[in-house]
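Below you'll find the structure, written out as structure tokens, and then a few comments.
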Amino acid sequence: MTRVLRAEWIKLRRSGVWPVCVLTPYVIVLFFALFAYFDGERFLRPDRAWTWLIMSTLRFFAGVVLPLWVAAITAQVAAIEHRSRGFKHLFVLPVARWRLYLGKQIVGWGLCLVVMLGLAVALLVAGSILGWLRPELGFDAFPELAPLLVGAFGTTLASGFLIAIHTWVALVRSDLMTPIALGFVATISVVALGAFDADLVVFHPWAYPTQWVKSLDGTIELVWPLVGAATGALLAMVAGWSFVARDVET
Amino acid sequence: MNIIQTHGLTKSFADVIAVDRLDMAIPRGVVSAFLGPNGAGKTTTLRLLLGLTRPDRGRVELFGGSPAASAFTRIGALIETPSLYDHLSGRENLMATRVLLGCTRADEDRVIEQVGLTAAADRRVAGYSLGMRQRLGLATALLGEPELLILDEPTNGLDPAGIQDIRNLLRRLTREHGISVLISSHLLAEVEQVADHVVVLHRGRCLFQGPREALHRAGRARIGVDRPEEAAAWLEANEWSVEPAEAGTLWVIADTQSRRAALCHRLIEAGFAVDRLEPEVSSLESVFFNLTGFFDLTESSKNEETA
């Protein structure tokens with residue numbers, strides 16, 4: 001498996017995946033930081049400034065940005081193989097096909113963790129800059145790192161189902177449109193369902209990351225990362241089984 | 001011992017039969033060639049051999065047994081266009097395969113040198129010409145020091161010098177390293193120069209298989225009989241492919257000595273007087289067109305009869 005992951009690492013070099021991973025968290029955090037900078041005194045309590053920045057950004061990220069980002073990034077990772085017609089080469093190598101599939105899944109999870117850790121770093125950087133530029137807002141004391149890291153890891157695990165289904169769809173469909181459309185439809189449906197029925201939305205797999213992030217502000221509910229990871233692993237197994245048994249068309 | 005053997009291999013796509021009951025044997029240690037026009041079923045057959053496509057019926061034997069994962073450690077393949085990552089350099093492309101195969105950096109350098117890509121190895125593949133891409137694809141196939149190399153139209157896009165280099169390389173791999181090579185081609189000249197063993201495919205059917213020299217003698221034999229028209233009708237009724245030739249003679253497809261002997265024997269038994277029988281020794285090109293032309297004629301007459 002190490003060989004498969006090393007090969008995946010080589011393929012990601014100079015691909016469009018890394019700029020998307022690095023830029024996405026900074027763009028989102030910048031949006032909230034600018035909001036705080038220009039209008040912070042109106043709604044920020046100095047003792048809750050860091051909490052507001054972290055929780056608002058995390059909620060928005062987990063609810064809207066992350067599902068779309070997972071759709072885009074898994075499609076981009078799969079496109080590396082589709083563009084090169086790589087599967088007809090990979091599938092004649094003496095490497096079990098399920099390992100190659102698992103490699104793609106692990107890349108999806110890994111990139112999700114990278115972006116979540118990037119978000120944590122971006123939040124710390126943005127809060128520190130705000131504390132320097134606008135000391136009256138309450139960003140002077142540095143927040144605890146552990147809850148931030150727990151939030152990042154938990155969100156990654158809670159996104160397990162999203163990562164599994166998007167990796168599968170992106171690998172099966174060689175067009176970018178299908179996985180991206182799935183991401184849009186699922187994200188819009190979870191936002192709409194959340195607006196109408198807060199009880200029902202918890203059953204929507206795209207809501208697991210948001211449910212987890214919500215719980216960070218009160219009693220932590222480990223059920224969301226566990227459910228996300230378990231459903232993701234189960235789906236990855238079923239999808240992987242179907243993927244390796246199919247004919248290679250390109 | 002044969003390195004590849006197929007038994008009744010059949011594959012259809014919708015209502016098109018791409019490979020039709022193919023029984024084929026590829027000997028070890030030589031360059032073998034699939035010869036056939038576009039759409040003959042060459043690529044589909046190669047994909048079936050490599051497990052990229054599952055057959056509807058029939059089976060494949062590799063190295064004398066069922067194709068198992070271990071068999072693929074002994075095979076290098078290049079199917080259709082090479083699978084290359086454009087955003088990486090040539091060397092990085094090889095590296096991605098090398099780490100999967102567990103080969104060393106020295107192996108990487110060796111194959112780069114073998115295909116003549118040393119100067120361009122560190123350039124991005126996006127800037128490679130078609131010929132360079134083909135060479136890199138071939139280098140990737142050579143990485144694991146395979147015993148069997150399966151190459152789909154390996155000289156596609158190469159300039160004349162490149163074509164010659166690849167042909168020499170293939171012959172050298174067979175001669176010096178004992179590697180068995182199976183190439184597909186629609187270029188008769190290529191097959192003439194490279195292949196020791198030839199399989200002619202047409203519309204998914206095997207029309208000929210055997211040593212290249214035998215292919216020159218394959219195909220037609222001219223036969224002189226006392227009642228040519230009657231003999232032609234009798235032969236067609238008995239599933240021989242026949243065409244009238246000049247001066248009361250007939251061209252009959254009889255590709256082996258035993259087949260020609262049987263033809264003579266059957267005609268005499270049927271009461272015809274045979275005064276001559278000579279195999280046609282001709283160019284590969286004419287043999288190929290005779291074989292495929294005869295096949296098309298036979299098929300169209302069958303279709304007309306059915307209609």
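I'd like to verify a number: residues in segment B:55-66 that are part of a loop (DSSP other than H, G, I, E, B) and in contact (Cβ under 8 Å) with a residue 40 or more places away in the chain, how many?
Quick first cut of segment B:55-66, residues part of a loop (DSSP other than H, G, I, E, B) only: B:55-56, B:63-64, B:66.
When the remaining residues are screened for being in contact (Cβ under 8 Å) with a residue 40 or more places away in the chain, the result is B:55-56, B:63-64.
Residues meeting the conditions: 4.
Tell me, yes or no, whether segment B:109-127 has at least one residue that is among the acidic types (Asp, Glu), out of contact with any Cys (no Cβ under 7 Å at 6 or more places or on another chain) and modelled with pLDDT under 85.
no
Could you check segment A:78-117 and list, in sequence order, the residues that are at the interface with another protein chain (Cβ under 9 Å from one of its Cβ atoms) and among the aromatic types (Phe, Trp, Tyr)?
Hits for segment A:78-117 are A:Phe87, A:Phe91.
So which residues in segment A:109-140 are open to solvent by 60 Å² or more (accessible area, probe 1.4 Å) and at pLDDT below 85?
If the condition is that a residue be open to solvent by 60 Å² or more (accessible area, probe 1.4 Å) and at pLDDT below 85, then A:Trp132, A:Leu133, A:Pro135, A:Glu136, A:Asp140 are the ones that fit.
Would you confirm whether or not segment A:163-180 contains a residue that is surrounded by 17 or more Cβ atoms within 10 Å (Cβ to Cβ), over 18 Å from A:Arg246 (Cβ atoms) and small (Gly, Ala, Ser)?
So far as segment A:163-180 goes, no, none of its residues is surrounded by 17 or more Cβ atoms within 10 Å (Cβ to Cβ), over 18 Å from A:Arg246 (Cβ atoms) and small (Gly, Ala, Ser).
Under 9 Å by Cβ, and 6 or more places apart or on different chains, what pairs join a residue from segment A:1-17 that is closer than 14 Å to A:Glu81 by Cα with one that is of a type in the set (Asp, Glu) and surrounded by 15 or more Cβ atoms within 10 Å (Cβ to Cβ)?
A:Ile10/B:Glu92; A:Lys11/A:Glu81; A:Lys11/B:Glu92; A:Arg13/B:Glu92
Restricting attention to segment B:72-81, which residues are open to solvent by less than 50 Å² (accessible area, probe 1.4 Å) and at the interface with chain A (Cβ under 8 Å from one of its Cβ atoms)?
Of everything in segment B:72-81, those that are open to solvent by less than 50 Å² (accessible area, probe 1.4 Å) and at the interface with chain A (Cβ under 8 Å from one of its Cβ atoms) turn out to be B:Phe72, B:Ile75, B:Ala77, B:Ile79.
Does A:Val27 satisfy the condition of being at pLDDT 90 or above, within 22 Å of the chain's Cα centre (by Cα) and closer than 30 Å to A:Gly103 by Cβ?
So A:Val27 fits the description; yes.
What's the number of the condition B:Thr155 fails, among (1) touching a residue at least 40 places away in the same chain (Cβ under 8 Å); (2) of a type outside the set (A, V, I, L, M); (3) closer than 24 Å to A:Val92 by Cα?
It fails just one condition, (1).
Can you name the residue in segment B:47-67 that is within 10 Å of chain A (Cβ to nearest Cβ) and under 16 Å from B:Pro146 (Cα atoms) and is also surrounded by the most Cβ atoms within 10 Å (Cβ to Cβ) among such residues?
B:Leu49
What are the residues in segment B:87-96 that are of a type outside the set (A, V, I, L, M, F, W, C) and either more than 7 Å from chain A (Cβ to nearest Cβ) or touching a His at 6+ places or on another chain (Cβ under 6 Å) (or both), if any? Talk me through it step by step, then tell me what you get.
Step one: filter segment B:87-96 for residues of a type outside the set (A, V, I, L, M, F, W, C), giving B:87, B:89-93.
Across segment B:87-96, the qualifying residues are B:Ser89, B:Gly90, B:Arg91, B:Asn93.
Determine whether B:Arg175 is out of contact with any strand residue (DSSP E or B) (no Cβ under 6 Å at 6 or more places or on another chain), farther than 22 Å from B:Arg47 by Cα and charged (D, E, K, R).
Criteria met by B:Arg175.
Search segment B:97-118 for residues being part of a helix (DSSP H, G or I) and more than 20 Å from B:Leu151 (Cβ to Cβ), and hand back the single one that is farthest from the other protein chains (Cβ to nearest Cβ). Spell out the reasoning first.
If we filter segment B:97-118 for residues that are part of a helix (DSSP H, G or I), which is where we start, we get B:97-101, B:105-114, B:118.
When the remaining residues are screened for being more than 20 Å from B:Leu151 (Cβ to Cβ), the result is B:99, B:105-106, B:109, B:118.
Working: B:Val99: 5, B:Arg105: 13, B:Ala106: 17, B:Asp109: 17, B:Thr118: 20 Å.
So, considering only residues that are part of a helix (DSSP H, G or I) and more than 20 Å from B:Leu151 (Cβ to Cβ), the one farthest from the other protein chains (Cβ to nearest Cβ) is B:Thr118.
With respect to B:Asp109, is the statement that it is surrounded by fewer than 22 Cβ atoms within 10 Å (Cβ to Cβ), more than 19 Å from A:Leu93 (Cα to Cα), in contact (Cβ under 8 Å) with a residue 24 or more places away in the chain and not aliphatic (A, V, I, L, M) true?
In short, no.
Would you mention how many residues in segment B:112-134 are on the phi < 0 side of the Ramachandran plot, open to solvent by 40 Å² or more (accessible area, probe 1.4 Å) and not hydrophobic (A, V, I, L, M, F, W, C)?
Selection size over segment B:112-134: 9.
With segment A:1-62 as the region, which helices (runs of 4 or more DSSP H) entirely inside it contain at least 2 residues that are open to solvent by less than 80 Å² (accessible area, probe 1.4 Å) and within 14 Å of chain B (Cβ to nearest Cβ)?
In segment A:1-62, the matching helices (runs of 4 or more DSSP H) lie at A:2-12, A:17-43.
Hey, can you tell me all the residues within segment B:129-186 that are in contact with a helix residue (DSSP H, G or I) (Cβ under 9 Å, 6 or more places away or on another chain), in a loop (DSSP other than H, G, I, E, B) and modelled with pLDDT of 80 or more?
Hits for segment B:129-186 are B:Leu143, B:Gly144, B:Glu145, B:Pro146, B:Glu147, B:Glu153, B:Pro154, B:Thr155, B:Ile179.
B:Arg167 versus (1) farther than 22 Å from B:Ser258 by Cα; (2) of a type outside the set (A, V, I, L, M); (3) open to solvent by less than 10 Å² (accessible area, probe 1.4 Å): which is the lone unmet condition?
(3)
Of the residues that sit in segment B:23-39 and are buried (at least 24 other Cβ atoms within 10 Å of the Cβ) and at pLDDT below 85, which one is farthest from the other protein chains (Cβ to nearest Cβ)?
Applying the filter and picking the extreme gives B:Leu35.
In segment A:194-235, which residue that is charged (D, E, K, R) and more than 18 Å from A:Leu148 (Cα to Cα) is least open to solvent (accessible area, probe 1.4 Å)?
The selected residue is A:Asp197.
Among the residues that make up segment A:209-227, is at least one of them modelled with pLDDT under 85, part of a helix (DSSP H, G or I) and among the hydroxyl-bearing types (Ser, Thr, Tyr)?
Taking every residue of segment A:209-227 in turn, at least one turns out to be modelled with pLDDT under 85, part of a helix (DSSP H, G or I) and among the hydroxyl-bearing types (Ser, Thr, Tyr).
The values are calculated or read from the model by the stated rules, or taken from the named source; none is laboratory data. Note that the structure is a prediction, hence the values are computed from the model and not measured. All Cβ positions, even for glycine, are placed from backbone atoms using ideal geometry, and neighbour counts span all protein chains on display. For accessibility, only protein heavy atoms count, side chains too; no ligands or nucleic acids. Shrake-Rupley method; radii C 1.70, N 1.55, O 1.52, S 1.80 Å.
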